[in-house]
Amino acid sequence: MLDKVPESTGDTLFSHVKPMDTTFRGDGLRDFFLYRDLGVAAATGGKVLAQLVVAHNAPEKGTGWHRHEADFHIVIMLRGWARFMYEDRETLVSAGDCVHQRPGVRHYLFDYSPDMEYLEIVGPADFATVDVDPVCEIPAPQGWALKAA
């Protein structure tokens with residue numbers, strides 16, 4: 001039973017967040033997404049962030065070219081799809097896919113489906129996002145009319 005789990009083991013805490021414990025909020029990195037904190041940053045003392053990210057508005061310009069200052073960053077697509085440029089390579093990330101974004105990789109999320117939802121796990125939790133010079137041209141977003149292959 002969960003109430004028998006120790007409160008703390010070393011410098012991390014036990015955490016169990018249910019869907020009704022946290023809500024999707026619009027104060028995350030991108031204003032066209034909503035974010036739901038899963039309690040991992042608090043439980044790990046800021047070592048790791050785990051959050052759900054959902055589409056909120058249709059894609060217009062996307063994220064712009066950027067990189068993250070993080071030691072570890074994965075995206076697991078739970079529903080829908082998103083189109084990224086990773087360096088000069090277009091990548092369609094569909095439901096069930098897992099992407100490890102190596103530290104410093106320059107990328108641009110430019111299109112996504114209206115039902116897009118992904119789990120993002122990043123370390124450290126307070127990672128920085130840095131704008132970078134364009135790597136290449138970005139394909140036009142297809143908006144919410146495109147269906148993933």
Exactly one of Glu90, Glu137 is open to solvent by 70 Å² or more (accessible area, probe 1.4 Å), touching a residue at least 24 places away in the same chain (Cβ under 8 Å) and out of contact with any Phe, Trp or Tyr (no Cβ under 6 Å at 6 or more places or on another chain), and that one is Glu90
Residues in region 52-66: is at least one open to solvent by 30 Å² or more (accessible area, probe 1.4 Å), out of contact with any His (no Cβ under 8 Å at 6 or more places or on another chain) and closer than 30 Å to Phe14 by Cα?
-> no
What residue, among those in region 1-21 that are hydrophobic (A, V, I, L, M, F, W, C) and open to solvent by less than 100 Å² (accessible area, probe 1.4 Å), is modelled with the lowest pLDDT?
-> Leu2
Could you list, in sequence order, the residues of region 93-103 that are open to solvent by less than 30 Å² (accessible area, probe 1.4 Å) and either farther than 27 Å from Gly46 by Cα or at pLDDT below 95 (or both)?
-> Val93, Ser94
Lone unmet requirement of (1) part of a strand (DSSP E or B); (2) touching a Lys or Arg at 6+ places or on another chain (Cβ under 7 Å) for Ile76 = (2)
Among the candidates Ala50, Ala41, Ala55, which residue alone is under 12 Å from Leu109 (Cβ atoms) and touching a residue at least 60 places away in the same chain (Cβ under 8 Å)?
-> Ala55
Filter result (open to solvent by 50 Å² or more (accessible area, probe 1.4 Å) and assigned to a loop (DSSP other than H, G, I, E, B)) within region 28-49 = Leu29, Asp31, Gly45, Lys47
Taking region 79-118, which residues are among the charged types (D, E, K, R) and assigned to a strand (DSSP E or B)?
-> Arg79, Arg83, Arg89, Glu90, Asp111, Glu117
Would you pick out the residues in region 45-90 that are of a type in the set (S, T, N, Q) and modelled with pLDDT of 95 or more?
-> Gln51
Does region 59-67 contain any residue that is over 14 Å from the mean Cα position of the chain (by Cα) and more than 18 Å from Phe33 (Cα to Cα)?
-> no
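The values are calculated or read from the model by the stated rules, or taken from the named source; none is laboratory data. If you're wondering where the values come from, they're calculated on a predicted model, not measured in any experiment. Neighbour counts are summed over all protein chains in view; Cβ atoms, including those assigned to glycine, are modelled from backbone coordinates with ideal geometry. Note: accessible area is taken over every heavy atom of the protein model, side chains too, but ligands, DNA and RNA are not part of it. Shrake-Rupley method; radii C 1.70, N 1.55, O 1.52, S 1.80 Å.
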